[in-house]
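Reading through the structure tokens given below for one structure.
The values are calculated or read from the model by the stated rules, or taken from the named source; none is laboratory data. Note that the structure is a prediction, hence the values are computed from the model and not measured. Cβ sites come from the backbone with ideal geometry, for glycine too, and all protein chains shown count toward neighbours.
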Amino acid sequence: MARRPRPGTLLPVGAGRNCPTTCPTRQTLARLADRWTIVLVEALAGGPRRFGQLRAVADGISEKMLTQTLRSLERDGLVARDELPGSPPGVAYRLTDLGNSLMEPLAAIRDWGQRHMPEVEAARTVFDGR
């Protein structure tokens, strides 16, 4: 039995019609749908941040999960890791041009949610009352 890929793992496009996980839309949603990606991308939209600053913004994230998510975003080309001079040396994370290109679609999703969440909540109430 084939193992399911970890969330955020991108599969080669065009691996075959029998593998719908290769669809670019599905891969994009897998990258963005994890719990912390959008939080971190939006935090980095304001400019470079150090690890501790990101941990504070992503309230509730463990150091391990923050490290894993940042590495995954770096692997996908959305985030760059810059070493800072000084003693002790530091690291800052920033969005790449590719990462910045997510801001417009994320804004559209945020706007949709703000406009339609009352309808979603009303539908949930109706559904739960059945």
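Worth pointing out:
- Residue match in the range 70-81 (condition: farther than 22 Å from residue 27 by Cβ and surrounded by fewer than 15 Cβ atoms within 10 Å (Cβ to Cβ)): yes
- Residue selection: residue 79 fails the criterion of being in the same structural domain as residue 41 (by TED's automatic domain parsing), within 22 Å of residue 35 (Cβ to Cβ) and free of Cβ contacts under 8 Å to residues at least 24 places away in the same chain.
- For first residues located in the range 40-65 and at positive phi, partners that are surrounded by fewer than 18 Cβ atoms within 10 Å (Cβ to Cβ) and among the charged types (D, E, K, R) and lie 6+ apart or on another chain with Cβ distances below 8 Å form the pairs 47/94.
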